[in-house]
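In what follows, a structure is listed as structure tokens, so that the remarks can point back to it.
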Amino acid sequence: MDYTLLVMMLKDLVILPFQEIKLELKDEISKKIIKVSSKKYDNRVLILSPRNSKNNDPSIEDLPNVGVVAYIKNKIELSNGNLRVTLKGEKRVKILDYESFSSEIIDAVVTDIILPKLEEAGEKIIRKKLKEILNDYINSAPNISNSILKTVNENDDLNLLTDAITTFLPLSTSKKLDYMQQINCEKRALSLIRDIKLEIKYAKLEAKIDNNVQVRLSLEQEEYYLKEKIKEIENTLGLKDNSNEEIKNYYDKLDKLKLSDKTHNKLLTEIKKLENASINSPENSVIRSYLDWVLNLPWNNSSKETLTVKPVLNSLNKSHYGLDIVKERIEDYINVKNINPNISSPIICLVGPPGVGKTTITKSIAEALNREFYKVSVGGLNDSTELVGNRRTYLGALPGKIIQGLKKCNTNNPVILIDEVDKMVKDYKGDPASTLLDILDSTQNKQFVDNYIEEPFDLSNVFFVLTANNIENIPYTLYDRLEIIELSSYTVFEKIDIAKKYILPKIYEEFGLSKKLVMKDETLIYLINNYTKESGVRNLTRVLRTLVTKVVTSKSDSYTVSNIDLMKYLKDPIVNIENKEISESGIVNALAYTPLGGINLQIECSIYNGEEKILVTGSLGDVLKESIHVATSFIKEKNYVSNTMFYNHTIHIHLLDGATKKEGPSCGVAITTVILSKLLDIKVSEKIAFTGEISLKGNILRVGGLKEKLIAAYNAGIETVYVPEDNSVDLKDIPKQIIENVDIKLVNNFDTIYNDLFKINEEENNIA
């Protein structure tokens, strides 16, 4: 049955069925609503709580479709003109329509809500759980009144219980509004159980914090009282001891250190200052912390370095496959060190994709040379004080990461790895690259001064090794001082050797296995090509560890692993989008270099009737977009095809893997090729790939990262690669397997590629 009620809006206040509230009304509209409802609407009024309390004049469209009918139990006109009313919520109603009673008062057409019937057993369980958790909440929060328990224990109506508990809990207005608008009492009960559990957690956490604070205060007061009492007794008896054990220990440490006179006198002054300072003085803890740092630094303590070539190389060969250029550099260092023991260590920077062994080879260098090892990560670092520390005047000041590493190693000649120098950030907080230069430069670091230590410390004995993924992102201020060693990706066959000689034996030793997997090279190749996609071997290690775990824990007695077994133990292989078969024109393979190594990337071209323009997609940077314009201009000028083919046509160039940003000057040749392939409708084999930039005159320009690109081509099964002739000097660094298995064609002008791929095919088509 439908009926009409006047609407009263309450901001930041929600009334629920069975809840009673008292209000003191000041505005004339609310007073009028109460008076009219008392006379014409049987003392009933519809209470609404707008969700957006900031809106002083909500439209009818913004009002909810569920409200609560409240009974006006009492109203009293006060002497100040206000009206005090007592309202009691009766029931939820559905609002069918809003109508304007006057310009200021709204009335609503409502109908009673038929409550859903609940399963008796389910309702009983929920009701029991609700009562139990409410009891736990009252017990866990000592400041909460337990007056609600009587209402809960005397009623078995879940609808009434949920509304009564919602009224009782300290929930937000928006939360209570959600409960008011929820018709299904079972859903309200389940939400209440979750909310009460959260309130219990908050109450317990607050009690724990209060208890900890109280205990700490008690201990501090007790400690202060005892210290003051001891101090008073010592003063009374004249027993004040200025040479206590701690001060004496500082003096002893200072005497044992071989320091410059200036540093020695500075530390002596600090000890005397501590000696005369009051035990309760804030300065006391600052000086004590400073002395603990400075006096425990390895000023004169060095590790005895191994300077015999053979044991060092044996150690490096045992732990790492390949990386010959790094090992040769360490051999050179040892040889020179034997000639001149005072020579400074080289500042090596290992550049290569993730997983090729930059960090682990540095650890192995430290072990082989019998030096301590410490790692400093500077990726994302933008605050120079992380490296050189804060002044002692700052609260919680500490030395920088370099001094912290020296103290932890307890030697002044460790191997310190500074990781990810290509990811440092320069902003208003400072320039970490410039700060790092002071740390690394052997002409400056003999007098390195940390802001916290304030005294010069000799870093010339430290063997610094830096790592980076992308050589182009190494700060220029550092690049000039570094000895760059580039570590390339591994070929499939190199990964097989690494897996058999290094990874699997290490896993067997880690698991304590005596029985080993029996796996043919063909299976390893299948695993590498279909279950890993990386330049290094980090993911290969994870996959092999998973495989060994699955095989060992299976019920099978056989440790033989075939391709079919890989599907069983490792699930589905990775889908490789880099090596899709080319079945039509307008698709070519382009080789690119990324911080993760080389990749084989397919470029697609589509040409269709429409506006004469070039459309590019695939998250391309400005350099790549310019390469596309250069390629089209070159094709038009060269007249490889009739220029009329460009009129009223849109050329769409797309690089696959569109979510990855792409930039760099090395795709011009591939872009030119893909446009010609589409214009001439001649397919380019998927076994051919390109690298190189093109000029407006068709000259093919030198590119970087050739080794990584050729490794990616080899791993992707590419048989022919067109390479700029200017890169011929780089071929000496290409692995022998790639030279033997990939046809590397050196070209200096695009005419060569056109004649190889398109001219012959055009002539054949014309003859046909």
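The values are calculated or read from the model by the stated rules, or taken from the named source; none is laboratory data. Here the structure is a predicted model, which means the values were calculated and not measured. Cβ: placed from backbone, ideal geometry, glycine included. Neighbour counts: every protein chain shown. We work out accessible area using only protein heavy atoms, side chains counted, and drop any ligands, DNA or RNA first. Shrake-Rupley method; radii C 1.70, N 1.55, O 1.52, S 1.80 Å.
Take the range 713-738 and flag every residue that is within 17 Å of Cys667 (Cβ to Cβ), open to solvent by less than 50 Å² (accessible area, probe 1.4 Å) and modelled with pLDDT of 85 or more.
Pass one, the range 713-738, residues within 17 Å of Cys667 (Cβ to Cβ): 713, 716, 718, 721-724, 726-727.
Right, trim to open to solvent by less than 50 Å² (accessible area, probe 1.4 Å) and you get 713, 716, 718, 721-724, 727.
Listed by number, the residues that qualify are Ala713, Ile718, Val721, Tyr722, Val723, Pro724, Asn727.
Within the range 303-321, restricting attention to residues that are within 36 Å of the chain's Cα centre (by Cα) and not charged (D, E, K, R), which residue is least open to solvent (accessible area, probe 1.4 Å)? First the steps, then the outcome.
Keep residues of the range 303-321 that are within 36 Å of the chain's Cα centre (by Cα), which gives 315-321.
Filter once more, keeping what is not charged (D, E, K, R): 315-317, 319-321.
On the way: Ser315: 42, Leu316: 2, Asn317: 73, Ser319: 51, His320: 21, Tyr321: 56 Å².
Looking at the filtered set, the residue picked out is Leu316.
Please enumerate the residues belonging to the range 47-74 that are part of a strand (DSSP E or B) and open to solvent by less than 30 Å² (accessible area, probe 1.4 Å).
Initial filter on the range 47-74 (part of a strand (DSSP E or B)): 47-48, 66-74.
Of everything in the range 47-74, those that are part of a strand (DSSP E or B) and open to solvent by less than 30 Å² (accessible area, probe 1.4 Å) turn out to be Ile47, Leu48, Val66, Gly67, Val68, Val69, Ala70, Ile72.
Out of the residues in the range 631-671 that are of a type in the set (Gly, Ala, Ser) and in a loop (DSSP other than H, G, I, E, B), state the one that is surrounded by the most Cβ atoms within 10 Å (Cβ to Cβ).
If we filter the range 631-671 for residues that are of a type in the set (Gly, Ala, Ser), which is where we start, we get 631, 633, 642, 658-659, 664, 666, 668, 670.
Among the residues that remain, those that are also in a loop (DSSP other than H, G, I, E, B) are: 642, 658-659, 664, 666.
Details: Ser642: 10, Gly658: 12, Ala659: 6, Gly664: 17, Ser666: 25.
Among those that are of a type in the set (Gly, Ala, Ser) and in a loop (DSSP other than H, G, I, E, B), it is Ser666.
Name the pairs whose Cβ atoms lie under 9 Å apart, with the first residue in the range 487-513 and farther than 16 Å from Gly355 by Cβ, the second open to solvent by 20 Å² or more (accessible area, probe 1.4 Å) and of a type in the set (Asp, Glu), and 6 or more positions between them or separate chains?
Phe493/Asp521; Lys500/Asp521
Step by step: first the residues of the range 322-331, then only those that are surrounded by 18 or more Cβ atoms within 10 Å (Cβ to Cβ) and not hydrophobic (A, V, I, L, M, F, W, C), then the one that is farthest from Glu367 (Cα to Cα). Which residue is that?
Here is the first cut: in the range 322-331, the residues surrounded by 18 or more Cβ atoms within 10 Å (Cβ to Cβ) are 322-323, 326-327, 330.
Checking which are not hydrophobic (A, V, I, L, M, F, W, C) leaves us with 322, 327.
Details: Gly322: 18, Lys327: 13 Å.
Taking the candidates together, the pick is Gly322.
Out of the range 153-202, which residues are without any contact (Cβ under 8 Å) to a residue 40 or more places away in the chain, under 19 Å from Lys91 (Cβ atoms) and open to solvent by less than 40 Å² (accessible area, probe 1.4 Å)?
Leu161, Thr162, Ile165, Arg188
State the number of residues belonging to the range 164-205 that are in a helix (DSSP H, G or I) and in contact with a strand residue (DSSP E or B) (Cβ under 8 Å, 6 or more places away or on another chain). Walk me through how you get there before you give the answer.
Pass one, the range 164-205, residues in a helix (DSSP H, G or I): 164-168, 173-181, 185-205.
Now narrow it down to the ones that are in contact with a strand residue (DSSP E or B) (Cβ under 8 Å, 6 or more places away or on another chain): 180-181.
Of the residues in that region, 2 qualify.
Filter the range 332-344 for residues that are over 38 Å from the mean Cα position of the chain (by Cα) and either aliphatic (A, V, I, L, M) or within 30 Å of Arg538 (Cβ to Cβ) (or both); which is surrounded by the fewest Cβ atoms within 10 Å (Cβ to Cβ)? Spell out how you get there, then give the answer.
Filtering the range 332-344 for residues over 38 Å from the mean Cα position of the chain (by Cα) gives 332, 334-343.
Right, trim to either aliphatic (A, V, I, L, M) or within 30 Å of Arg538 (Cβ to Cβ) (or both) and you get 332, 334, 336, 339, 343.
Details: Asp332: 12, Ile334: 18, Val336: 12, Ile339: 7, Ile343: 13.
Residue satisfying both the conditions and the ranking: Ile339.
Failed condition for Tyr490, given (1) over 30 Å from Lys446 (Cα atoms); (2) surrounded by fewer than 18 Cβ atoms within 10 Å (Cβ to Cβ), with all others met?
Exception for Tyr490: condition (2).
Any chance you could count how many residues in the range 10-46 are closer than 16 Å to Gly89 by Cα and part of a strand (DSSP E or B)?
7
Scan the range 250-261 residue by residue and report those that are part of a helix (DSSP H, G or I) and in contact (Cβ under 8 Å) with a residue 24 or more places away in the chain. Let's see the steps before the verdict.
Here is the first cut: in the range 250-261, the residues part of a helix (DSSP H, G or I) are 250-256, 261.
Within the range 250-261, Tyr250, Lys253, Leu254 qualify.
Given the criteria of a type in the set (Ser, Thr, Tyr), at pLDDT 90 or above and within 28 Å of Asn609 (Cα to Cα), does Thr673 qualify?
Numbers: of a type in the set (Ser, Thr, Tyr): yes; at pLDDT 90 or above: yes; within 28 Å of Asn609 (Cα to Cα): yes.
Here the answer is yes, as Thr673 does meet what is asked.
Given the criteria of a type outside the set (Phe, Trp, Tyr) and either in contact with a Lys or Arg (Cβ under 9 Å, 6 or more places away or on another chain) or modelled with pLDDT under 85 (or both), does Ser695 qualify?
Details: of a type outside the set (Phe, Trp, Tyr): yes; either in contact with a Lys or Arg (Cβ under 9 Å, 6 or more places away or on another chain) or modelled with pLDDT under 85 (or both): no.
Considered against the rule, which asks whether it is of a type outside the set (Phe, Trp, Tyr) and either in contact with a Lys or Arg (Cβ under 9 Å, 6 or more places away or on another chain) or modelled with pLDDT under 85 (or both), Ser695 comes out as no.
Is it the case that the range 618-636 has a residue that's modelled with pLDDT under 85, of a type in the set (Gly, Ala, Ser) and touching a helix residue (DSSP H, G or I) at 6+ places or on another chain (Cβ under 9 Å)?
Checking the range 618-636: at least one residue is modelled with pLDDT under 85, of a type in the set (Gly, Ala, Ser) and touching a helix residue (DSSP H, G or I) at 6+ places or on another chain (Cβ under 9 Å).
Enumerate the pairs (first residue in the range 628-648 and free of Cβ contacts under 8 Å to residues at least 40 places away in the same chain; second residue anywhere and acidic (Asp, Glu)) with beta-carbon separation below 7 Å, excluding pairs fewer than 6 apart on the same chain, so at least 6 apart or on different chains.
Between residues of the range 628-648 that are free of Cβ contacts under 8 Å to residues at least 40 places away in the same chain and residues that are acidic (Asp, Glu), the close pairs are Phe646/Glu612; Tyr647/Glu612; Asn648/Glu612.
One residue is enough: does the range 289-301 have a residue meeting the conditions in contact with a Ser or Thr (Cβ under 7 Å, 6 or more places away or on another chain) and over 30 Å from Asn249 (Cα atoms)? Before the answer, list the steps.
Residues of the range 289-301 that are in contact with a Ser or Thr (Cβ under 7 Å, 6 or more places away or on another chain), as a first pass: 298, 301.
Subset that is over 30 Å from Asn249 (Cα atoms): none.
For the range 289-301, residues in contact with a Ser or Thr (Cβ under 7 Å, 6 or more places away or on another chain) and over 30 Å from Asn249 (Cα atoms): absent.
If I ask for residues that are open to solvent by 40 Å² or more (accessible area, probe 1.4 Å) and more than 29 Å from Leu591 (Cβ to Cβ), which ones from the range 459-479 would you list?
Asn461, Thr477
So in the range 672-696, with the set limited to residues that are open to solvent by 20 Å² or more (accessible area, probe 1.4 Å) and hydroxyl-bearing (Ser, Thr, Tyr), which one is farthest from Tyr640 (Cα to Cα)?
Ser685
With the requirement that a residue be farther than 18 Å from Ile334 by Cβ and open to solvent by 60 Å² or more (accessible area, probe 1.4 Å), what does the range 357-366 give you? Lay out the reasoning, then the answer.
Our first condition is that a residue be farther than 18 Å from Ile334 by Cβ; within the range 357-366, this holds for 357-360.
The one that is farther than 18 Å from Ile334 by Cβ and open to solvent by 60 Å² or more (accessible area, probe 1.4 Å): Thr360.
Just need a number here: residues in the range 75-111 that are open to solvent by less than 70 Å² (accessible area, probe 1.4 Å), part of a strand (DSSP E or B) and not hydroxyl-bearing (Ser, Thr, Tyr). If you could, list the steps in order and put the result at the bottom.
Step one: filter the range 75-111 for residues open to solvent by less than 70 Å² (accessible area, probe 1.4 Å), giving 78, 81-83, 85-87, 89-90, 92-93, 95, 98, 102, 105-111.
Filter once more, keeping what is part of a strand (DSSP E or B): 83, 85-87, 89-90, 92-93, 95, 98, 106-111.
Narrowing further to those that are not hydroxyl-bearing (Ser, Thr, Tyr): 83, 85, 87, 89-90, 92-93, 95, 106-110.
Matching residues across the range 75-111 total 13.
Checking the conditions here, which among Leu406, Leu369, Leu398 is in contact with a helix residue (DSSP H, G or I) (Cβ under 9 Å, 6 or more places away or on another chain) and open to solvent by less than 10 Å² (accessible area, probe 1.4 Å)? Walk me through how you get there before you give the answer.
Details: Leu406 fails: in contact with a helix residue (DSSP H, G or I) (Cβ under 9 Å, 6 or more places away or on another chain); Leu398 fails: open to solvent by less than 10 Å² (accessible area, probe 1.4 Å).
Criteria check complete, one pass: Leu369.
Name every residue in the range 262-302 that is open to solvent by less than 20 Å² (accessible area, probe 1.4 Å) and assigned to a loop (DSSP other than H, G, I, E, B), in order of residue number. Before you say what the answer is, go through the steps one by one.
Keep residues of the range 262-302 that are open to solvent by less than 20 Å² (accessible area, probe 1.4 Å), which gives 263, 267, 270-271, 274, 284, 287, 290-291, 294-295, 297-298.
Answer for the range 262-302, where residues must be open to solvent by less than 20 Å² (accessible area, probe 1.4 Å) and assigned to a loop (DSSP other than H, G, I, E, B): Leu297, Pro298.
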